[in-house]
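A.B. asks: Just dropping this structure here.
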Amino acid sequence: MAHSFEFQFTGNIHVQAMERQSGIFIGERNSAVGWSAHGKANNVIGEIGGESNLIYENVLILNDPDYIDTPIDDRDINISVENPGTNHTNNVAVESVTVNTMMQNGLVSVGESHVSGMDANEKVNHSQGSIYGNGNHLILNHNVNNDHDVVDGIIEDQDIKVANVRKVD
């Protein structure tokens, strides 16, 4: 089996914002098997990105009195199988990578990649949400988020994740 890989990366990687379960893979052989990210997040305001954002005189109330909230059952089976590949040559030349915003389960992959099993389950209460960009103004807002749960956000994600990755000799 003949395998030839030429990879040239001469620039920079610029990332402004990445949400959970995101990745940038650059290289000859990238493998990611069985990713998992589970959770619950309560955020008042959340994230702010960019420049010159103004949040002024906001009243932000997030009340989340839980009676069972976000039970997560994630029993994964992750299998990675390497098989012999065929003869091939890869030539990749990258000057730079710029990522403004990668949301949940976002992926930038340069090169030979085998990405499987990406999982991201969540329950989120945002009493404003994310703010991205330049020069956003939020003035005199009143945000209220009551999440009176009896049972909320049940996540049952039991799956089998198989990655078929080529073996390089």
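A.B. asks: Rounded to the nearest 20 Debye, what is the dipole magnitude of the range 3-167 about its Cα centre when Lys and Arg each give +1 and Asp and Glu each give -1 at the C-beta?
C.D. replies: Using only the charged Cβ atoms, the result is roughly 620 debye.
A.B. asks: Rank these for me by crowding, ARG75, ARG20, going from fewest to most other beta carbons within 10 Å. Mind showing how you got there, number by number?
C.D. replies: Values: ARG75 8, ARG20 15.
Neighbour counts put them in this order, fewest first: ARG75, ARG20.
A.B. asks: Convex hull over the Cα atoms of the range 1-68, averaged projected area in nm²?
C.D. replies: Mean orientational projected area (the range 1-68, Cα hull): 9.1 nm².
A.B. asks: Which residues make up the longest stretch of the chain that has no chymotrypsin sites (Phe, Trp or Tyr not before Pro) in a DSSP loop with at most 16 other Cβ atoms within 10 Å?
C.D. replies: Details: sites that count: TYR67, TYR132.
Value returned for the longest uninterrupted segment is 1-66.
A.B. asks: Just rank THR70, THR10, THR101, fewest to most, by other beta-carbon atoms within 10 angstrom.
C.D. replies: Numbers: THR70 19, THR10 8, THR101 15.
Ordered by Cβ neighbours within 10 Å, fewest first: THR10, THR101, THR70.
A.B. asks: For the range 20-145, what is the largest minus smallest coordinate of the Cα atoms on each principal axis, given in angstrom and ordered from greatest to least?
C.D. replies: Each principal axis gives a Cα extent; for the range 20-145 these are 63, 41, 10 Å.
A.B. asks: By counting other Cβ atoms within 10 Å of each Cβ, how are SER22, SER31 ranked from fewest to most?
C.D. replies: Values: SER22 21, SER31 15.
Lowest to highest Cβ neighbour count: SER31, SER22.
Values in this text are rule-based calculations from the coordinates and carry no lab data. Just so we're clear, the structure is a prediction, and the values are computed from it rather than from any experiment. Positions of Cβ are backbone-derived with ideal geometry, glycine not excepted, and every protein chain shown enters the neighbour counts.
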